[in-house]
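Since the structure comes first, as structure tokens, the remarks are kept for the end.
Since every read-out is calculated from the coordinates, none of them should be taken as a lab result. From a predicted model like this one, the values you see are computed outputs, not experimental measurements. Note that each Cβ is placed from the backbone with ideal geometry, even for glycine, and that neighbours are counted across all protein chains shown.
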Amino acid sequence: MKDEQKSQKISKTLKRRKRRRIARRITAVILIAAIICVGGYYLSRVMTDQRLNIKQVEVTGNASADTHLLDQVTDALIGQNILAVDVNSLSNQAKKILQTDQVSVYRKWPDTLIIKVGRIEALGAVMTGNKVLYIDQNARVVNRADYLTNVNLPIITGIKGTNALQSGSHLSSNSRERLIDALDILARIQDKGLLDRVSEIHWTKYNTYRIITKNNSVFEVSGIDNFKKNESYVETFLIENRSNVEVDLQIDGQAFLKNRS
């Protein structure tokens, strides 16, 4: 008799526990459904909120980047809900167009997208045809522009037969060796943190390089090896920021100076 009562008691206890579990599950389902309904309602409201429609897309960062190439992409974003834009997809699209991995995209609430183009290792600019080509130390075209957009980078002139290629390609030239030497000179000046003091490097008809500063001073060297031997002198001169002086460094170990009018 006692065993039967004990079994009945256990059975009732198990049934109560089962009913509680079922009740908890039903409550959880109802709660989740309510959250989904409320969340969906507010998401619908947010996605149709006119205040979150994109009014402007700002492209910032690298001054030498030809950001006009992004116009077609950015114009299509105007009026879209800022939450509906896939920033990762947009970032990848901008990277492909600008030929650089240095791109990030983020939202500026409530109605602005920011496309930030990071530092691109351009050493100088070459003007060819009606385009300005920004190139790195290996003569790779990192950006193209319709006009000179970065006055901190020197112009490379006197190199004949340059071709206007798309970003990411290497600049071709009838005097490629001279072009590479000019870029090596600029790279060494950049390593000293003084590239922004140079306005132009010119390959002359006398087969020399004239390095022209923004203070209207000029260094003339016969090539990269000649420049290396006089590098300390050039560095000191640029640090002192001297102006209106012409310096002939073609004879190693000697500097011939004269004033420029």
Determine, for segment 122-257, the count of lysine pairs separated by eight or more sequence positions (or lying on different chains) whose alpha-carbon distance falls under 27 Å. 15
For segment 82-125, which trypsin sites (Lys or Arg not before Pro) are both in a DSSP coil and crowded by at most 12 other Cβ atoms within 10 Å? Arg119
Gain on full stretching of the segment that runs from Asp225 to Gln50 - 0.36 nm per residue minus C-alpha separation: 56.7 nm
